[in-house]
Amino acid sequence: MPELPEVETTRRGIAPHLTGRRITRLVVHDRRLRWPVAEDLPASVAGQRVLDVTRRAKYLLIALERGTLILHLGMSGSLRVLDAPPGRRLHDHLDIELDSGKLLRFNDPRRFGSLHFTAAPPGDHRLLAQLGPEPLDSEFTEEYLYRVTRNRRVAIKPLLMNSHVVVGVGNIYASEALFRAGVRPGRMARGLRRAEIARLVDGVREVLRMAIGVGGTTLRDYVGADGKPGYFRQKLFVYERAGQPCRRCGNPVRHRTQGQRSTYFCAHCQA
Ligand SMILES: [Zn+2]
């Protein structure tokens, strides 16, 4: 599933092709995504120039002269910039045609992706309004995480994965950040000491920055905007490494099921 680093990698891949270009036509081949694409969406965006491509959590925001396209890759979505319109393949659902002659094509076998258009500020959209801070922004600080963990009767890992608390920290990156912080995933959030919280904030930032730097983790069917897989998987300390030696101490990495999610940790390196 594309997580924040994969979405950011995609953003960086597509932005140079979109920014400053005019959308000549948006073609919906199949409306049946997670939510049906609005019938009037193509008419709302046709002829508009793309001002910028940004990201909020795992949503790509394509800012237009009048309004914003909000695109989510879902579980299996990917975007490709294509030169000439080649034949559609299975699961190609959307084309955004540009005045450069290129087009941005959305493919999504599992159809958990989505496309919305809003004329209002995108932060007010129902999909974005309730989201917590971005992990790489200045709002996500030790003070912030310390404060939000104090009254929570919940383990730290699901708390980190709660998008109301902080966005874009999926299972892989929560597991890896906790390893870097030396904190076991099952610890009660409110029991974490200040120093542990500080290490965790650093760990989240570090793991996401590294993953973005190498173009994402690539799990199974994910590919970036340029069609190349990411390489972060080779750098994982614990995620999906059950029974293998910890890269730091050599003891076997442990596996637990926590809230129906697989979680991985080193009992020696994480307290
Ligand atoms: Zn270890």
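The values are calculated or read from the model by the stated rules, or taken from the named source; none is laboratory data. Everything quoted here is computed from the prediction, not taken from an experiment. Backbone-built Cβ (ideal geometry, glycine too); neighbour counts: all protein chains shown. Note: areas computed on protein heavy atoms with side chains; ligands, DNA, RNA excluded. Shrake-Rupley method; radii C 1.70, N 1.55, O 1.52, S 1.80 Å.
Summary of computed values
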read-out	value
Residues of type aspartates and glutamates that K235 reaches as a straight line, Cα spacing below 20 Å, ignoring anything fewer than 8 places off in the same chain	E3, E6, E8, E176, D202, E206, D221
Sequence of D95, D83 when ordered by accessible area, the most exposed leading, probe 1.4 angstrom	D83, D95
Sum of side-chain charges, L18 neighbourhood, beta-carbon under 12 Å (Lys, Arg +1; Asp, Glu -1)	+3
Cβ-based net charge around L200, under 12 Å, with every Lys or Arg adding one and every Asp or Glu removing one	+3
Percentage relative contact order, segment 3-65, counting C-alpha pairs under 8 Å, at least six apart	39 percent
Calculated [θ] (222 nm, deg cm²/dmol) that DSSP helices of n ≥ 4 give over the chain, each run adding -39,500 (n - 2.57)	-7000 deg cm²/dmol
Cα→Cβ-extended label distance, 7 Å offset, between R248 and T24, nm	5.4 nm
Residues of type aspartates and glutamates that K102 reaches as a straight line, Cα spacing below 18 Å, ignoring anything fewer than 8 places off in the same chain	D52, D83, D92, D226
Percent accessible area from carbon and sulfur atoms, the chain, protein chains only, probe 1.4 Å	49 percent
Inter-part distance where segment 123-181 and segment 20-71 are each reduced to a Cα centre, Å	28 Å
Stretch gain in nm, segment A267-R190, where the contour uses 0.36 nm per residue and the Cα spacing is subtracted	25.7 nm
Relative compactness, the chain, computed as alpha-carbon Rg over 2.2 N^0.38 Å	1.07
Built amide H within the under 5 Å cut-off of V154, gap 5+	A189, R190
